[in-house]
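Engineer: Starting off with a structure, shown below.
Read-outs: derived from the displayed coordinates by stated rules, not from any lab. Note that this is a predicted model, so its numbers are computed, not measured. Using ideal geometry, Cβ is built from the backbone for each residue, glycine included, and neighbour counts are taken over all protein chains shown.
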């Protein structure tokens, strides 16, 4: 019987932890304004809505080995990082009309049935897709730079 490959091997997990620590360190260096309680409370409420009862929500937290306070802290941390990344990189994710046209011509049109070719105006998600790609590329470049400047020793066996 063959072993089923794991989706995340130990090296991948270590790499994600390194990235998370580098991001947090950089965010803390450049972020002075505190996050209001409201967005964190909304995020917790959104998670709670996914459960049929409060007891089911509490049981899931217990199953995961975390308290409601730890969940609140983790969501706060995630929202602070997200807010930082949005402020720093979203404006740099500008997409030109030429990029939209190129994406439409090369990636959308070939996938459509020949009998119906929508106009560029009908495909309103292209701008959002391309902006998200550019945003992610900028974040990845920034993260690569953080890794290059950091002294990282990986001890994975």
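Engineer: Taking the chain as a Gaussian network, Cα atoms linked when under 10 Å apart, which of 51, 135, 72 shows the biggest mean-square fluctuation?
Structural biologist: 51
Engineer: Another one. For an R0 of 25 angstrom, estimate the FRET efficiency from the Cβ-Cβ distance between residue 61 and residue 152 and round to the nearest 0.05.
Structural biologist: With R0 = 25 Å, the Cβ-Cβ based efficiency is 0.15.
Engineer: Using helices alone, what [θ] at 222 nm do you get for the chain, with -39,500 (n - 2.57) per DSSP H run of 4 or more residues, divided over all residues and rounded to the nearest 500?
Structural biologist: Only helices count here, giving -21000 deg cm²/dmol.
Engineer: Could you grab the relative contact order for the stretch 46-152? Cα pairs under 8 Å, six or more apart, rounded to a whole percent.
Structural biologist: For the stretch 46-152, the relative contact order is 29 percent.
Engineer: Then there is this: Using only the alpha-carbon atoms, how far is helix 125-149 inclined from the longest principal axis of the chain? Give it as 0 to 90 degrees, nearest 10.
Structural biologist: 50 degrees
Engineer: Next question. If you take all C-alpha pairs in the chain, what percent of them are over 25 Å apart?
Structural biologist: That tail contains 57 percent of the Cα-Cα pairs.
Engineer: Continuing with this model, one more query. Determine, at each q value in 0.15 (inverse angstroms), the log₁₀ of I(q)/I(0) that the Debye formula gives when each Cα of the stretch 8-86 is one equal point scatterer.
Structural biologist: -0.68
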